[in-house]
Amino acid sequence: MLRDITIGQYYPADSIIHRLDPRVKLFATLIYVISLFLAKGVFGFGISVLFLAMIIWLSKVPFKFMVKGLKAIMILMIITAAFNALLTPGEVLVSFWIFKITKEGLKNAVMMTARLIFLILGTSIMTLTTTPNQLTDGLEKALRPLNKIKIPVHAIAMMMSIALRFIPILVEETDKIMKAQMARGADFESGNLLKRVKNMIPLLVPLFVSAFRRADDLAMAMEARCYHGGEGRTKMKPLTYARRDYLAYILVIAYLGVTLLLRWV
Amino acid sequence: MNIIKARQLVHEYIRRDEEGNVESIQTALDHVDLDVKEGQFIAVLGHNGSGKSTFAKHVNALLAPTEGTLWVDGKDVSKEENILDVRQTAGMVFQNPDNQIIASVVEEDVGFGPENIGVPTEDIWVRVADSLKSVGMLKYRNHSPNKLSGGQKQRVAIAGVMAMEPKCIVLDEPTAMLDPNGRKEVLRAVKELNQKKGITIILITHYMEEVVDADYVYVMDHGEVVMRGTPREIFSQVGTLKEHHLDVPQMTLLADLLRQSGLNIPLGVLTREELVDAVMKIAE
């Protein structure tokens, strides 16, 4: 039952977006999120929609696949929309009982919902087209300047990629421990939420013990293969910018420029 | 030339209480003398707790000796500046295949060792392809290690060590967690590396069948080397092996029982073919 979890949801395909350098994609995502909060008016949003639509089309990820990610934040969107619609003061359109729906409120509700949708779509296009490994590689290289202020960027990136590698192993192990305990009469599936959480505790103890043992083994295996931190290390798959990456940078900056321009006119 | 040379090697696990006082001392290696020549296939036998894994970790400089000295390719493992060289000369494969694969793609895992020792990018690709080929795993290079069988994972781990171009590989019970097929796969790969590439192999195990083809066998018990010799010499001493809580290969045991019941079968029978020959000779 735990095997269905997919983390970092990568959608394998061969597209120009998939081949972009992860640093470009990280930068573009950041810019896109900022632009969503800068955009004003119909034109401003129009540009954001157009830009996103173009990237989704280029990425060859089916739109249906992307919409799945939206389901998870449905409740959040409904709450945001309702609060905005009901609590913004202004010109009253409809009023019933103690609620008043105002023109400004309606406008705000639509804006916020649209922003949230684009925010999720925009960031999920990055995780869908970038493998977790590329992502950590990209982060490591993009954040390298932080080394100067004594932040161990390499170690953090290494931890992230090892964590990603061990997720399926630990999930499998959890499954195994659950089955072993169920065979001896443990009950994980009935009772209210609190009771279920309590029943999980005897599962966590062996899981933690085994995770620590694995960590110990892995550390030794890494040492045995001459791992001694990021110093003097070479890369099998180094990140290098191709022409398409520079083009993508220019495009993203142009997009930000247009959004800013539309804000002032 | 001796690639590995141990003289009076002692290792003690010291357990301390919260104040740092010594609670108990457990001697895992007790004055071990051991020599391995380059290109040999060595087996170290012993039951659980005999000190064989502790010895393996010394060869890779993961543990430092309490007393005595161990030289790997002429370098003293207890010297800090030699550690990276020693680890590069003597690679190590561990028991649990899941806990020694670092990356989430096979080829990236094999590339991990060369990355650590600073091999240039183009050379890493050549080494990765070569070492995956030498264990017959080249076609899985883009797979996720999670989808491989135990034997395949262990071969990937061996390839990961091979990519560092070691002179010697220490395998610490590499087949203990595998099914019989995986065990055969791994042993075949190890033997090929020994024969074709001349890599020194130190196989640490408690499966007798894996020892039959070794050039030389050391038997350990309570941290001491209690027996040493060719597999034939070792396995002709069925009684002594039993004293050290070790079994002999099935065929050797059968030959021994037949001999005890009066048949004229020579000592040190190892394989089924040898036993068949011996019995046929008597029948004639």
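The values are calculated or read from the model by the stated rules, or taken from the named source; none is laboratory data. Being a predicted model, the structure only gives us computed values, none of them experimental. Note: ideal-geometry Cβ built from the backbone for every residue, glycine included; neighbour counts use all protein chains shown. For accessibility, only protein heavy atoms count, side chains too; no ligands or nucleic acids. Shrake-Rupley method; radii C 1.70, N 1.55, O 1.52, S 1.80 Å.
Taking the Cα centre of the protein assembly as shown as the origin, how large is its charge dipole in debye, to the nearest 20, when only Lys and Arg (+1) and Asp and Glu (-1) carry charge on their Cβ atoms? It would help to have the intermediate numbers written out before the result.
Numbers: 63 positive and 60 negative charges, 699 e Å.
Approximately 3360 debye in magnitude.
With a cut-off of 18 Å, note down the residues of the range B:122-153 whose backbone N falls inside the zone around a label point 7 Å from the Cα of A:ARG144 toward its beta carbon.
B:122
Do any trypsin sites (Lys or Arg not before Pro) in the range A:110-171 lie in a loop, going by DSSP, with at most 10 other beta-carbon atoms within 10 Å of their beta carbon, and if so which?
Values: sites: A:ARG115, A:LYS141, A:LYS148, A:LYS150, A:ARG165; in loops: A:LYS150.
For trypsin sites (Lys or Arg not before Pro) across the range A:110-171 that sit outside H, G, I, E and B with at most 10 neighbouring Cβ atoms in 10 Å, the list reads A:LYS150.
Solvent-accessible area per residue for the range A:143-233 at a 1.4 Å probe radius, Å²?
In whole numbers, the range A:143-233 has 65 Å² accessible per residue.
Using Cα pairs under 8 angstrom and six or more residues apart, how large is the relative contact order of chain B, in percent? Don't skip to the answer; put the middle values down first.
Numbers: 541 pairs, mean separation 59.9, N = 284.
About 21 percent, as a whole number.
Taking Cα pairs under 8 Å and at least six residues apart, what relative contact order does the range A:8-167 come out at, in percent?
Details: 157 pairs, mean separation 49.7, N = 160.
Worked out over the range A:8-167, it gives 31 percent.
Loop only per DSSP, at most 14 neighbouring Cβ atoms within 10 Å: give me the chymotrypsin sites (Phe, Trp or Tyr not before Pro) in the range A:80-182, ordered by residue number. Don't jump to the answer; show the numbers that get you there.
On the way: sites: A:PHE83, A:PHE96, A:TRP97, A:PHE99, A:PHE118, A:PHE166; in loops: A:TRP97.
The qualifying sites are A:TRP97.
Thinking of the range B:62-126 as a set of Cα atoms, what percent of all their pairs are more than 13 Å apart?
On the way: 1471 of 2080 pairs.
Every Cα pair in the range B:62-126 considered, those over 13 Å come to 71 percent.
Please check: in the Gaussian network model of chain B (C-alpha springs, under 10 Å), which one of B:MET137, B:MET92, B:MET162 has the largest mean-square fluctuation.
Maximum among the listed residues: B:MET137.
Would you mind giving the average projected area, over all directions, of the Cα convex hull of the range B:119-242 in nm² with one decimal?
Working: hull surface 36.0 nm².
Reported value for the Cα convex hull: 9.0 nm².
Averaged over all directions, how much area does the convex hull of the C-alpha atoms of the protein assembly as shown cover when projected, in nm²?
Details: hull surface 149.9 nm².
Over all viewing directions, the protein assembly as shown projects a mean Cα-hull area of 37.5 nm².
Once the convex hull of the alpha carbons of chain B is built, what does its volume come to per residue, in cubic angstrom? Write out the running numbers ahead of the final one.
Working: hull volume 43.7 nm³, N = 284.
Per-residue hull volume (Cα only) is 154 Å³.
Please quote Rg/Rh for the range A:1-151 to two decimal places, taking the Kirkwood radius as Rh and restricting both calculations to Cα atoms. Mind showing how you got there, number by number?
Details: Rg = 19.0 Å, Rh = 17.7 Å.
Taking Rh as the inverse mean 1/r over Cα pairs, Rg/Rh reads 1.07.
Ratio to report: Rg/Rh of the range A:110-158, with Cα atoms as the point set and Rh obtained by the Kirkwood method; give two decimals. Intermediate results must be reported in sequence, preceding the final value.
Numbers: Rg = 15.1 Å, Rh = 12.7 Å.
Reported Rg/Rh (Cα atoms, Kirkwood Rh): 1.19.
For the range A:173-202, which trypsin sites (Lys or Arg not before Pro) pass both filters: DSSP loop (anything but H, G, I, E, B) and at most 14 other C-beta atoms within 10 Å?
Values: sites: A:LYS176, A:LYS179, A:ARG184, A:LYS195, A:ARG196, A:LYS198; in loops: A:ARG184.
When the trypsin sites (Lys or Arg not before Pro) of the range A:173-202 are filtered for loop state and at most 14 Cβ neighbours within 10 Å, A:ARG184 remain.
Per the Kirkwood definition applied to all pairs of different Cα atoms, how many angstroms is the hydrodynamic radius of the range A:143-233? The partial results should precede the final answer.
Values: mean 1/r = 0.0623 Å⁻¹.
About 16.1 Å, per the Kirkwood formula over Cα pairs.
Considering the options A:ALA224, A:MET126, A:ILE79, tell which one lies farthest towards the positive end of the dipole of chain A, charges being +1 on Lys and Arg and -1 on Asp and Glu at the Cβ, about the Cα centre.
A:MET126
I want to check the label-to-label distance for A:LEU58 and B:GLN195. Put each point 7 Å from Cα in the C-beta direction and report it in nm to one decimal.
Placing both labels 7 Å along Cα→Cβ, they lie 5.5 nm apart.
Between B and A, buried accessible area summed over both sides at probe 1.4 Å, in Å² to the nearest 100? Could you put the intermediate results ahead of the total?
Values: alone 14200 and 17920 Å², together 29200 Å².
Buried surface at the B/A interface: approximately 2900 Å².
Test of understanding: what is the full-extension gain from B:ARG7 to B:THR27, defined as 0.36 nm times their sequence separation minus their Cα-Cα distance?
On the way: separation 20, 0.36 × 20 = 7.20 nm, distance 1.60 nm.
Contour length minus the Cα-Cα distance gives 5.6 nm.
With point charges of +1 on the Cβ of Lys and Arg and -1 on the Cβ of Asp and Glu, referenced to the Cα centre of the protein assembly as shown, which listed residue (A:MET159, B:SER149, B:ILE117) lies farthest in the positive direction of the dipole?
Ranked along the dipole, the leading option is A:MET159.
Taking every residue in B:114-122, how many Cβ atoms of other protein chains lie within 10 Å of its Cβ, on average?
Working: counts 5, 9, 11, 7, 5, 3, 2, 6, 0.
Whole-number average of other-chain Cβ neighbours for B:114-122 is 5.
Against the 2.2 N^0.38 Å scaling, with N counting residues, where does chain A land? I'd like the Cα-based Rg ratio to two decimal places. Walk me through the intermediate numbers first.
Details: Rg = 23.7 Å, N = 265, 2.2 N^0.38 = 18.3 Å.
This ratio for chain A stands at 1.30.
Viscosity 1.306 mPa s, temperature 10 °C: give me the Stokes-Einstein translational D for the range A:205-265 in µm²/s, with Rh taken as the Kirkwood radius over C-alpha pairs.
Values: Rh = 16.7 Å.
Answer from the Stokes-Einstein relation: 95 µm²/s.
Over all Cα pairs of the range B:204-284, how is the pair count split among 10 Å bins, expressed in % and running from 0 up to the last occupied bin?
18, 51, 24, 6, 0
Return the calculated 222 nm mean residue ellipticity for the protein assembly as shown, to the nearest 500 deg cm²/dmol, obtained by summing -39500 (n - 2.57) across DSSP H runs with n ≥ 4 and dividing by the residue count. Don't jump to the answer; show the numbers that get you there.
Values: 20 runs with 291 residues, N = 549.
That comes out to -17000 deg cm²/dmol.
Calculate how large, on average over all directions, the projected area of the Cα convex hull of the range B:1-138 is; give the answer in nm² to one decimal.
Numbers: hull surface 44.0 nm².
Over all viewing directions, the range B:1-138 projects a mean Cα-hull area of 11.0 nm².
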